[in-house]
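Engineer: One structure, pasted below without further comment.
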Amino acid sequence: LPETTRLILAAFDDVGRAAEAVATIMAAGVVPAGLEMMDGPALRAAEDFAGAGYPRDAAAILLCEIDGQAEDVAEEIERVSGLLRASGATEVRIARDEAERRRFWAGRKGAFPAMGRLAPDYYCIDGTIPRKALPFVLAEMGRLAEVHGLEVANVFHAGDGNLHPLILYDANREGDLEKAEALGGAILELCVSVGGSITGEHGVGREKINQMCVQFSPAEVNAFHALKAAFDPLGLLNPGKAIPTLARCAEYGGMHVHNGALPFAHLERF
């Protein structure tokens, strides 16, 4: 275990500035043990649920944890606190003791179940982006949410660029689930458009198979199928998951079909 672990909570009155602070910290060469971000709706729900001591009026908060040798940690804490203030943080609070550090993390870890205070259901998306794209992507996600008529709460691993927007909906309301799925797909395609990926840790399965057609070219999809066939020639392992057929990509609009014929038509389709 590290000799010392300390946690900083930074509050911002603008989500974009909080996102820019993440990029600033990473660009400075700091490697935190953890760097998490929560926006206003998420942090208020988490505060009501866990009583972590979060500033309820903040538009977003960052939790930045530093660990290691005591002297190094003290130096890094001062450095990161300065970066956060320079990035526009309205409040920078260092956990006073281990109990407060645990409370701050309890709020973050309780954020997902706390969504039940905001909506009957939520749909968790898992996409990854370059950290420098965070401000743009968060703003664009807000616009997409308005277009689809749903709300989104953001809780994610900011230091990794791994997003976990929680799309809030009511499965008992007709059409809500379909809107949530459509918004989720749009968010994943947004991640790809800025140089990111459709997954960071949750995988693809069936849920994101259409977005595989957006991230990868037909030649790449063919290569995936060839690799799978080498280990699973009978197609017995997770059939229909993770790798889309080229026909599916064509139907989704991820590739073009000319004169009714698929490219590389001589290749077997799995």
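Engineer: Could you check segment 232-253 and list, in sequence order, the residues that are part of a loop (DSSP other than H, G, I, E, B) and either exposed (fewer than 12 other Cβ atoms within 10 Å of the Cβ) or of a type in the set (A, V, I, L, M) (or both)?
Structural biologist: Within segment 232-253, PRO233, LEU234, LEU236, LEU237, PRO239, ALA242, ILE243, GLY253 meet the criteria.
Engineer: A follow-up question, please. If MET141 satisfies all but one of (1) on the phi < 0 side of the Ramachandran plot; (2) touching a residue at least 60 places away in the same chain (Cβ under 8 Å), what's the number of the condition it fails?
Structural biologist: (2)
Engineer: What is the residue count in segment 23-39 for residues that are out of contact with any strand residue (DSSP E or B) (no Cβ under 6 Å at 6 or more places or on another chain) and surrounded by fewer than 20 Cβ atoms within 10 Å (Cβ to Cβ)?
Structural biologist: First pass over segment 23-39, keeping only residues out of contact with any strand residue (DSSP E or B) (no Cβ under 6 Å at 6 or more places or on another chain): 23-31.
From what is left, the residues that are surrounded by fewer than 20 Cβ atoms within 10 Å (Cβ to Cβ) are 23-24, 26-31.
Residues meeting the conditions: 8.
Engineer: If the requirement is being under 22 Å from THR5 (Cβ atoms) and among the aliphatic types (A, V, I, L, M), which of these qualifies: ALA119, ALA42, ALA59, ALA95?
Structural biologist: Every option except ALA95 fails the conditions.
Engineer: Exactly one of these conditions fails for ARG56: (1) crowded, with 17+ Cβ neighbours inside 10 Å; (2) in contact with a helix residue (DSSP H, G or I) (Cβ under 7 Å, 6 or more places away or on another chain). Give me its number.
Structural biologist: (1)
Engineer: Okay, next question. Given segment 27-114, what helices (runs of 4 or more DSSP H) lie entirely inside it while holding 3 or more residues that are aromatic (Phe, Trp, Tyr), assigned by TED's automatic domain parsing to the domain that holds LEU168 and in contact with a His (Cβ under 8 Å, 6 or more places away or on another chain)? Explain how you work it out, then say what you get.
Structural biologist: Values: elements: 40-50, 70-86, 98-109, 111-114.
Per the criteria, no element qualifies.
Residues are listed down the side, and each one gets a yes or a no for (1) out of contact with any strand residue (DSSP E or B) (no Cβ under 6 Å at 6 or more places or on another chain); (2) buried (at least 18 other Cβ atoms within 10 Å of the Cβ); (3) free of Cβ contacts under 8 Å to residues at least 24 places away in the same chain:
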{"residue": "ASP14", "(1), (2), (3)": "yes, no, no"}
{"residue": "ALA19", "(1), (2), (3)": "yes, yes, no"}
{"residue": "GLY51", "(1), (2), (3)": "yes, no, no"}
{"residue": "ALA70", "(1), (2), (3)": "no, no, no"}
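The values are calculated or read from the model by the stated rules, or taken from the named source; none is laboratory data. The structure presented is a predicted model; accordingly, all values stated were derived computationally and were not measured. A quick note on method: Cβ atoms are made from the backbone with ideal geometry, for glycine too, and the neighbour counts reach across all protein chains shown.
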